[in-house]
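Only the coordinates and a few stated rules stand behind these numbers; no lab work does. A quick note: this is a predicted structure, and the numbers were derived from the prediction, not measured. Neighbour counts run over all protein chains shown; Cβ positions are idealised from the backbone, glycine included.
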Amino acid sequence: MVCMGQSAEFGKFLKAMRSRLSPEDIGAVPASGARRVPGLRREEVARLAGVSTDYYVRLEQGRNIHPSRTVLDSVSRALRLSTSEHAHMMDLLENCAASPRSAGQPAQGVRPALRHLLEAVGDVPALVLGRRSDVLAGNPLAFQLFTDFPALPPAERNLTRWLILDPAARELFRDWKTVAAEAAGALRLDVGRHPNDPQANHLVGELAVNSECFRQWWAGHRVASRSAGTVRLHHPAVGDLELNFETLVLPDDPDQMLRAYSARPGSPSSDALALLGSLGAEAGEQQRPAPVVDAADTPAAAGDRE
């Protein structure tokens, strides 16, 4: 059994997932007349999940009930949740009663061996990301490719914040809306796992105040988790690049990940990436140490000192 307390976020998530489906999606003939709200009705989801309408209504209202894993799996199938969405639903259930984090949480640190790895792969842009996509470390080429995170105030060294709020990111990413929406979805996954993190809540609030796009994505309860893919960039110094990325969760700390970007060997993007590295070398950027962000200066640590 999964213990469930009062969870407004869980109910909002179910409602958002229900609203994106239509009768046609489930092979049903739509009833005559326009529906007052988009999506399936609660009784339709309940029927698909094999539960009573009253039970599903209580689920969506976040009532203090104890659904079994079988019921939750059935609801997930009825709502056609992806693997990431299903995991997020379970996180919302398991963490809704978590107590707020205390002010003295330890700062996110990066192991020396990982910093040495960043130095060793200097011709491949690489970042170490922590909770909330805080930029914990990276190599010079990553900061030439994106932005000089070490030069930003500690509270602004966050990949999602930069992606959504910095106009330069809109210019850099040729598919900015897709990339930024995925970043917002990854942030929602993080908030689902750590619902009472004050730094995360502050970040969400800042993004919601300053970005209409983010407000729409957040209201849709979209979640995203992509460990690999391709990004298309237009860099002001070297032009167009198409880079593959791989995101590896660190085995000793699931809240940290290594993200590396690479170009297909012999491609124009590979030449452009090499040119970017040489431009940085000419400017003396190779003198910047690879572990460019100390854990003591990460956004989380900065918040802990407030």
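If you take the square roots of the eigenvalues of the alpha-carbon gyration tensor of the range 106-252 and sort them as a ≥ b ≥ c, do you get rounded (a/c under 1.5), prolate (a/b over b/c) or oblate? Oblate, because a/c is 1.5 or more while a/b does not exceed b/c. Label positions at Val231 and Glu43, each projected 7 Å from the Cα along the C-beta direction, are separated by 4.9 nm. Among 228-234, 146-152, sorting by the average number of other beta carbon atoms lying within 10 angstrom of each residue, highest first, gives 146-152, 228-234.
Amide H contacts of Gly229 (H built 1.01 Å from N, in plane; Pro and chain starts excluded): Phe245 sit under 5 Å, all sequence-distant by 5 or more or on other chains.
If you take the Cα centroid of the range 254-270 and the Cα centroid of the range 198-251, the two points sit 16 Å apart. For the range 41-96, the Cα-based Rg and Dmax, in that order, read 10.6, 28 Å.
Packing, as the average of other Cβ atoms within 10 Å across residues, places the peptides 49-59, 184-194 in the order 184-194, 49-59, highest first. Each Lys or Arg adds one and each Asp or Glu takes one away; over the other residues whose Cβ falls under 13 Å from the Cβ of Met90, this sums to -3. Counted residue by residue at 0.36 nm each, then reduced by the alpha carbon distance between them, the extension gain from Val121 to Asp271 reaches 52.3 nm.
If the chain linking Ala113 and Ser82 were pulled fully straight, counting 0.36 nm for each residue of separation and taking away their Cα-Cα distance, it would gain 7.6 nm. With 0.36 nm allotted per residue and the present C-alpha distance subtracted, the Gln61-Asp255 stretch has 66.8 nm of extension available.
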